[in-house]
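What follows is a short report on a single structure.
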Amino acid sequence: MAFDLFCRVIDNFGDAGVCWRLARQLAALGHAVQLWIDRPDVLARLLPELSLQADAQRVHGVQVGHWTAAEHAQPPEGGVVIEAFACTLPSRYAAAMAARQCLWINLEYLSAEPWVEGCHGLPSPQGSGVAKYFYFPGFTPATGGLLREPDLLRRRNQAQQLDRTRRLRALTGLSPSQLPADCRYLLLFCYPDAPLAGLQQALASQDTPSCLLVPGAPPPGLRSQGALRVQSIPFVPQAHFDALLWCCDLNFVRGEDSLVRALWAGAPLVWQIYRQEDDAHLDKLDAWLARARWPDPAQALTRAWNRQDDAGVAHALGQALRADPWQAWQARAQSWCETLGAQPDLAHNLVNFCQKQRQKS
């Protein structure tokens, strides 16, 4: 099949990150893929091979074009048009879809809420007559699943057999003196409102030294103290982000794309969900925690992290790093990763769904 995938970058890197991963996986499965994106500059931070001077280009089997050019493009004949995160298709392009007998997929945001299972795959009648369906990524077989390359977990296991300090040096360019071997490694990838004072307080007072890896410049006020060493590292492209997560004992991540990649690391993680008005994001966070089934201190830590509660973070992180809760957290992170990894991935699920809809028509 031929796929046209539309992406508008609303904020940060998540929109571009998810769409690029999906586009590349569809291309790897042998399908023709066109990615239309309104902010190629954001995608280029994740994909250094992308040229910002070219109007159109082919990268890793994916044809990449600027959103504005899609207004004059023809939808793929008998193909699939993916509208990522309700981004609203260009009007002229959308009007041409019916005559081209396109299938229309509305790719939704990731959610662990129970209602998602009932809405996944439902049709959305359109006045134009184009068949449109809601497609929900998720954590259960009743959803569209999660993005995962076929060999991802095998590559992770192979990488983790190698010396961690050497892997970190290759990823970051840092010297051995900047990457001590006898410490706990944590990655910090968070939004600006994260309660960093509580994080610093908890890690500084630990018996075990901690090295906190921070892509780019550390946030104001975050500094090395006591048992905590704050180490700035380069912003890594998307292709290296997984390997960075695999190096760390605990990953603090934000948004949708980074959450899924941290889950595949099979290690403890703290998720900072994208903030919404009226604290609607906290209900989504609770639904995710119900599926995660972290130990109580790790659940308390995640809630405090998302409520900007420095005192709560300091206390809960200290509790979560104690021997028994920490071992339980590690075990649950690994077992949930294995459970999720046994389910079909989102790209395969999506292709199968589209093929079935085509057979019905």
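The values are calculated or read from the model by the stated rules, or taken from the named source; none is laboratory data. Everything numeric here is computed off the predicted structure, so don't read it as measured data. Positions of Cβ are generated from backbone atoms using ideal geometry, with glycine treated the same way; all protein chains shown enter the neighbour counts. The protein model used for the area step is the full one, side chains on, heavy atoms only, and it has no ligands, DNA or RNA in it. Shrake-Rupley method; radii C 1.70, N 1.55, O 1.52, S 1.80 Å.
Looking across the stretch 264-286, the residues that are under 13 Å from Tyr109 (Cβ atoms), open to solvent by 20 Å² or more (accessible area, probe 1.4 Å) and in contact (Cβ under 8 Å) with a residue 24 or more places away in the chain come down to Tyr274, Lys284. Consider the stretch 31-52 and keep the residues that are under 24 Å from Ala96 (Cα atoms) and of a type in the set (A, V, I, L, M). The one that is surrounded by the fewest Cβ atoms within 10 Å (Cβ to Cβ) is Ala32. Filtering the stretch 303-344 to residues that are closer than 26 Å to Leu152 by Cα and among the polar types (S, T, N, Q) leaves Gln327, Gln330, Gln334, Ser335, Thr339, Gln343. With respect to Gln206, is the statement that it is open to solvent by 30 Å² or more (accessible area, probe 1.4 Å), under 14 Å from Tyr185 (Cα atoms) and more than 20 Å from the chain's Cα centre (by Cα) true? The answer is yes for Gln206.
Annotation for the stretch 53-64: no member residue is part of a loop (DSSP other than H, G, I, E, B), touching a residue at least 24 places away in the same chain (Cβ under 8 Å), open to solvent by less than 50 Å² (accessible area, probe 1.4 Å) and hydrophobic (A, V, I, L, M, F, W, C). Counting only residues that are open to solvent by 30 Å² or more (accessible area, probe 1.4 Å) and over 25 Å from Gly17 (Cα atoms), the stretch 92-113 holds 6 of them.
Taking Glu256 as the residue in question, decide whether it is closer than 28 Å to Ala331 by Cβ, surrounded by 20 or more Cβ atoms within 10 Å (Cβ to Cβ) and in contact (Cβ under 8 Å) with a residue 12 or more places away in the chain. Answer is yes for this residue.
The condition (being over 16 Å from Ser210 (Cβ atoms), under 24 Å from the mean Cα position of the chain (by Cα), aliphatic (A, V, I, L, M) and open to solvent by 30 Å² or more (accessible area, probe 1.4 Å)) is satisfied by just one residue among Ala304, Ala331: Ala331.
Checking the structure you have, find out if any residue of the stretch 96-108 is farther than 22 Å from Gln238 by Cβ, polar (S, T, N, Q), outside any loop (DSSP other than H, G, I, E, B) and more than 22 Å from the chain's Cα centre (by Cα). Checking the stretch 96-108: not a single residue is farther than 22 Å from Gln238 by Cβ, polar (S, T, N, Q), outside any loop (DSSP other than H, G, I, E, B) and more than 22 Å from the chain's Cα centre (by Cα). Show the residue pairs that are 6+ apart or on different chains and have beta-carbon atoms under 6 Å apart, the first residue being within the stretch 116-140 and free of Cβ contacts under 8 Å to residues at least 60 places away in the same chain, the second being assigned to a helix (DSSP H, G or I) and open to solvent by less than 40 Å² (accessible area, probe 1.4 Å). Filtered contacts from the stretch 116-140: Phe136/Val116; Gly138/Val116.
For the stretch 81-116, the set of residues classified as in contact with a Leu (Cβ under 7 Å, 6 or more places away or on another chain) and not β-branched (Val, Ile, Thr) consists of Glu83, Ala84, Phe85, listed by residue number.
Regarding Ala28, is this residue out of contact with any His (no Cβ under 6 Å at 6 or more places or on another chain) and open to solvent by 20 Å² or more (accessible area, probe 1.4 Å)? Yes, satisfied. Being open to solvent by less than 10 Å² (accessible area, probe 1.4 Å) and farther than 21 Å from Asp257 by Cβ, is that true of even one residue in the stretch 67-78? Within the stretch 67-78, one or more residues are open to solvent by less than 10 Å² (accessible area, probe 1.4 Å) and farther than 21 Å from Asp257 by Cβ.
Whenever a residue of the stretch 77-97 is of a type in the set (S, T, N, Q), its partners that are outside any loop (DSSP other than H, G, I, E, B) and open to solvent by less than 10 Å² (accessible area, probe 1.4 Å), lying with C-beta atoms within less than 9 angstrom and at least six residues away or across chains, give the pairs Thr88/Phe6.
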